[in-house]
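Report on the structure given below.
The values are calculated or read from the model by the stated rules, or taken from the named source; none is laboratory data. Note that the structure is predicted; figures quoted are calculated from it, not measured. Cβ placement follows ideal geometry from the backbone for every residue including glycine, while neighbour counts extend to all protein chains displayed.
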Amino acid sequence: MNRTVEIVGVGWSGFRSITPDLSYKELVYEAATRAYADAGIDPRRDVSGFVTAAEDYHEGTSIFDEYTPDQLGGALRPMHTIGGDGLHALAAAYMQIASELMEVVVVEAHSKASNVLTLPEITAFAEDPTYERPLGLHPVALAGLEMQWLVGQGALSAEQCAAVAAKNKRHALANPAAAHGATIGVQDVLRAEMLAAPLTRLMAAPHADGAIVLVLASSEAARGLRGKAVRVRGVGWANDTPALDSRAWGEARYARLAGEMAYRTAGIRAPQQEIDFAEVDDTFAHKELLHLEAKVDVLLSLVTRLVSHQQGLPKRHNTVLRADSLEWTGPCAEQARTGDSGVIVIYPNPMLPMPFRLAGRVVSTVERAGAKWRLTRFEQLSPLVSVGLEKLVFRRHRRQVAIARGTDVFTKTGIHRAPKF
């Protein structure tokens, strides 16, 4: 899909904590009217299709996209719902145009959270109905547990999370469309009502009512419109597993994968030079820090791939990696002796040449099939690194079992190739 896609119109309405004077239809209609005026289009004449981002549970109505055509001017026109946020809907519209299926597509996303009397209970339906929901552990409580784990591992502190919340509240004062701006300090955030220790109410973003409508068009169609076009260079998305028992806690893996996809489709190789502004989801204060770390991971990924092409990788060694030790043989094994200590440099994935550097000591030597294997114990591992190694070994083992059974979807699709150690 090499076709250029551009945003040619934007409209918004609401963005207040409550909007008792407007229904969701009126919010969407006002935003759509502004977007169409911005783009200079007639929705009944110029638009090929419509995408709405909505969740039936939140709206209280099944097949909710049947209730959005009227206020968008999309009656009897192609329309579908994305059960996600507005960025998912934007990506869907982008693909419809990039694939030459449509020329002009309208995207709508809205919130009327103030109308939902039991919003916490509705949110709890996001959990697995068989294994997790019966436990009564609310998603906000899970966020608190995740933050507690991160603080306990020394990855971040409650004060750092409070600083994030205070910063966001302060910045919101400069945005006339922001609903919850305030001048508060770190201590105000820490002393706020506790939601799920150590997560306080001011560390969780409150809801707001509002609607946004975007008009997307192919570059050919955009030439005939009056709106100032903004090119969509790339999009990316990724969903982590919904199962709590197999989720990668303490990292925003989904954000890293989505960032890699977006950079790849945009042709961005040096984001630190090409990107001037980035907006990060801050539903919970600690998640903003994780998402920023994920963006750094993407940057490191791109840089290390470039370096690996220029410098190459060390010679391959046969290895057996465990959470607390490494058995290895190969060219360097002949140089090591029992009792030697030093830093072990391990490249677990040649597709992502970012090595582990772990302190270790050679504790024994075993001879197998004429080759000397050195058993090296890792030393001075922090709890965070130990947990990370355990997860890495577990996932790699599970993936190798899937490959052996012929069920590894990642390898089959080429999304990720998992070479053996």
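Worth pointing out:
- Of all residues in segment 131-143, those that are under 23 Å from His286 (Cβ atoms) have Cβ atoms under 8 Å from Cβ atoms of residues that are charged (D, E, K, R), 6 or more apart or on another chain, in Leu137/Glu127; Pro139/Glu127; Ala143/Lys287.
- Residue satisfying condition, being within 26 Å of the chain's Cα centre (by Cα), within 23 Å of Ser219 (Cβ to Cβ) and without any contact (Cβ under 8 Å) to a residue 40 or more places away in the chain, within set Ala124, Ala89: Ala89
- Hits in segment 23-52 (condition: among the aliphatic types (A, V, I, L, M) and either within 17 Å of Ala75 (Cα to Cα) or touching a Phe, Trp or Tyr at 6+ places or on another chain (Cβ under 6 Å) (or both)): Val28, Ala31, Ala32, Ile41, Val47, Val51
- Residue within segment 44-56 that is closer than 17 Å to Val116 by Cβ, polar (S, T, N, Q) and in contact with an Asp or Glu (Cβ under 7 Å, 6 or more places away or on another chain) present: no
- Matching residues, segment 55-66, being hydroxyl-bearing (Ser, Thr, Tyr) and either touching a Pro at 6+ places or on another chain (Cβ under 7 Å) or without any contact (Cβ under 8 Å) to a residue 40 or more places away in the chain (or both): Thr61, Ser62
- Segment 361-373 residues that are on the phi > 0 side of the Ramachandran plot, paired with ones that are small (Gly, Ala, Ser) (beta carbon under 9 Å, 6 or more apart): none
- Within segment 264-285, if we keep just the residues that are loosely packed, with under 12 Cβ neighbours inside 10 Å and either small (Gly, Ala, Ser) or closer than 16 Å to Val235 by Cβ (or both), the residue that is modelled with the highest pLDDT turns out to be Gly267.
- Yes/no for Glu288 being part of a helix (DSSP H, G or I) and either under 29 Å from Ala31 (Cα atoms) or modelled with pLDDT under 85 (or both): yes
- If you check Thr52, Thr33, Thr19 for being among the polar types (S, T, N, Q), free of Cβ contacts under 8 Å to residues at least 40 places away in the same chain and surrounded by 16 or more Cβ atoms within 10 Å (Cβ to Cβ), only one passes: Thr33.
- So Gly40, is it small (Gly, Ala, Ser) and touching an Asp or Glu at 6+ places or on another chain (Cβ under 7 Å): no
- Residues of segment 209-259 that turn out to be aromatic (Phe, Trp, Tyr) and over 29 Å from Arg16 (Cα atoms), as a count: 2
- Restricting segment 353-390 to residues that are crowded, with 16+ Cβ neighbours inside 10 Å and outside any strand (DSSP E or B), the residue that is modelled with the lowest pLDDT: Pro353
Matching residues to (1) under 23 Å from the mean Cα position of the chain (by Cα); (2) within 23 Å of Lys228 (Cα to Cα); (3) at pLDDT below 95; (4) assigned to a loop (DSSP other than H, G, I, E, B):
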| position | (1), (2), (3), (4) |
| --- | --- |
| Asn2 | no, yes, yes, yes |
| Ile7 | yes, yes, no, no |
| Gly11 | no, yes, no, no |
| Ala32 | no, yes, no, no |
| His58 | yes, no, yes, no |
| Asp70 | no, no, yes, no |
| Gly74 | no, no, yes, yes |
| Arg77 | no, no, yes, yes |
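- Filtering Leu156, Leu195 for residues that are buried (at least 16 other Cβ atoms within 10 Å of the Cβ) and at pLDDT below 90 leaves a single hit, Leu156.
- Top-ranked residue of segment 97-121 - restricted to ones that are of a type in the set (Val, Ile, Thr), closer than 23 Å to Lys25 by Cα and touching a residue at least 24 places away in the same chain (Cβ under 8 Å), ranked as surrounded by the most Cβ atoms within 10 Å (Cβ to Cβ): Val106
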